[in-house]
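One structure is given here, and the rest of the page talks about it.
All of the numbers you see were taken from the coordinates with simple rules; none came from a lab. Not measured: the values here are computed from a predicted model. FYI the Cβ positions are ideal-geometry reconstructions off the backbone, even for glycines, and counts take in every protein chain you see.
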2 protein chains.
Amino acid sequence: MESQFNSTLLEKAVAELSKLPGIGKKTALRLALHLLRRDPEEAKSLGESIIEMREKISYCQECHNISEEEKCPICSDPRRDKSTVCVVENVKDVITIEATHQHHGLYHVLGGLISPLDGIGPSDLEIESLVNRVAEEKIEEVILALSPTIEGDTTNFYIYRKLSELPVKVTMLARGLSLGNELEYTDELTLGKSIQNRILFSDSYSGK
Amino acid sequence: MESQFNSTLLEKAVAELSKLPGIGKKTALRLALHLLRRDPEEAKSLGESIIEMREKISYCQECHNISEEEKCPICSDPRRDKSTVCVVENVKDVITIEATHQHHGLYHVLGGLISPLDGIGPSDLEIESLVNRVAEEKIEEVILALSPTIEGDTTNFYIYRKLSELPVKVTMLARGLSLGNELEYTDELTLGKSIQNRILFSDSYSGK
């Protein structure tokens with residue numbers, strides 16, 4: 001028996017599936033056997049959608065978000081406010097922020113965060129292109145929407161300094177209590193920040 | 001924005017991935033974005049292996065295990081003992097038993113277990129073909145290797161009765177203590193069975 005699965009094709013599919021993050025060999029086998037039980041069209045459709053997605057999706061030349069065209073649908077949407085740019089770590093964060101329906105401007109995807117321990121420096125990220133965008137276009141506000149981590153804060157600070165010479169307002173996401181979380185279980189640092197950054201109660205229901 | 005993911009191709013791939021068992025929409029998105037970050041060859045290789053596997057793997061006409069040929073590698077292997085047939089529920093069980101290296105005979109894959117509650121009767125399973133195989137070929141022993149559940153026991157009993165007219169020895173997997181599990185934590189039914197089916201100590205190290 002050459003293959004432990006009695007089929008080199010099954011073995012190959014299991015090997016490919018288990019390259020995916022969080023998919024071990026056992027799960028990969030379960031997925032492959034599931035596909036073998038289902039209609040052949042289902043496997044074909046899955047396989048083709050993966051290949052097509054990877055082939056045709058590239059990155060927007062403006063904001064570096066994923067895009068099927070040179071310019072992504074957000075950058076080319078005339079209804080979006082082109083004076084506000086929200087800086088995010090990655091493509092997933094664009095999807096997450098879009099789902100809130102609270103940001104009506106454009107995005108700028110850095111492609112990561114500054115992390116000396118992982119060997120990621122500013123030049124590995126889309127920071128220069130952000131500075132150029134702000135310098136060349138009529139951008140009035142840059143919203144830093146990075147994770148509240150050491151890497152996020154480092155990157156925030158680096159971008160803030162890089163933009164300091166330019167006439168642009170740099171804001172960042174508020175840090176405070178999570179909605180629905182009890183005060184008792186909020187960590188001290190977050191609670192401390194939420195006291196420092198307290199807001200006028202009247203502002204909280206005026207939609208500001 | 002037509003697509004919440006800013007790309008209908010990404011949306012399609014996420015939809016296809018989330019059809020897989022145990023893969024929700026969030027995981028599917030994570031997998032798709034992972035593939036977008038990797039080399040295009042990786043997505044191509046994954047997609048093609050899924051399509052090829054589903055297209056080319058069918059079932060062995062003898063034992064109903066998966067096979068790329070009419071007869072699976074186990075059925076066509078001259079070194080396998082053709083007088084012993086191990087009856088299993090599904091393809092995965094063949095892989096599991098093969099991994100023990102303790103069965104040197106052939107297999108017969110039922111494709112499920114009798115389960116009136118799920119509407120699965122004997123005619124939905126490869127039981128008739130098993131009886132025919134035993135009647136027509138020189139099979140001396142049928143090993144019932146089904147799960148020790150109500151469905152497994154029902155199926156065992158049904159097959160046992162169907163084979164009772166034929167000159168074949170019908171055995172089943174031993175039920176008893178799990179290796180490495182403490183006696184204290186073994187359930188009463190299993191412990192009871194292990195007392196009823198106690199074996200000669202001398203047999204346990206003679207490899208019998």
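Quick notes on this structure:
- Here the Debye sum runs over all C-alpha atoms of chain B as equal scatterers in vacuum, and log10 of I(q)/I(0) at q = 0.16 Å⁻¹ comes out as -1.12.
- Angstrom value of the Kirkwood radius, inverse mean 1/r, which spans all Cα pairs in the stretch B:32-113: 14.6 Å
- Extent of the protein assembly as shown along its three principal axes (Cα atoms, max minus min coordinate, largest first): 93, 48, 41 Å.
- Per DSSP, loop trypsin sites (Lys or Arg not before Pro) in the stretch A:28-105 with at most 15 further Cβ within 10 Å: A:38, A:71, A:79
- GluC sites (Glu not before Pro) within the stretch B:1-90, DSSP loop, no more than 15 other Cβ atoms inside 10 Å: B:2, B:69, B:70
- Alpha-carbon centroids, the stretch B:59-103 and the stretch B:151-189: separation in whole Å: 20 Å
- Cut-off 16 Å (backbone N to label point 7 Å along Cα→Cβ of residue A:175), residues of the stretch A:127-164: A:144-160
- Listed residue (A:76, A:121, A:60) projecting farthest to the positive dipole end of the stretch A:22-121, Cβ model: A:121
- If the convex hull is drawn through the Cα atoms of the stretch B:80-200, its volume per residue in Å³: 136 Å³
- Given charges at Cβ of Lys, Arg, Asp, Glu: the stretch A:1-90 dipole, positive-most of A:50, A:40, A:24: A:24
- At R0 = 60 Å, FRET efficiency that the Cβ-Cβ distance of residue A:140 and residue B:39 yields, to 0.05: 0.95
- Each Lys and Arg contributes +1 and each Asp and Glu -1, all at the Cβ; summed about the Cα centre of the stretch A:1-148, the dipole is approximately 700 debye.
- A Cα-only calculation for the stretch B:13-67 places Rg and Dmax at 14.5, 44 Å.
- The share of C-alpha pairs in the stretch B:55-97 whose separation exceeds 17 Å stands at 29 percent.
- Secondary structure note: in the stretch B:59-208, about 15% of the DSSP beta bridges are antiparallel.
- Cα shape, the stretch B:149-208, gyration tensor, a/c 1.5 rule: oblate
- Take the convex hull of the alpha carbons in the stretch B:127-169; its mean projected area over all directions comes to 2.8 nm².
- Computed FRET value (nearest 0.05) for residue A:158 with residue A:70, which takes r as the C-beta separation and R₀ as 35 Å: 0.80
- Where the Cα pairs of the stretch B:77-145 fall when distances are cut into 5 Å bins, in %: 4, 16, 25, 23, 18, 9, 4, 1, 0
- Within straight-line cross-link reach of residue B:138, lysines at Cα separation under 16 Å, skipping those fewer than 8 residues along the same chain: B:82, B:169
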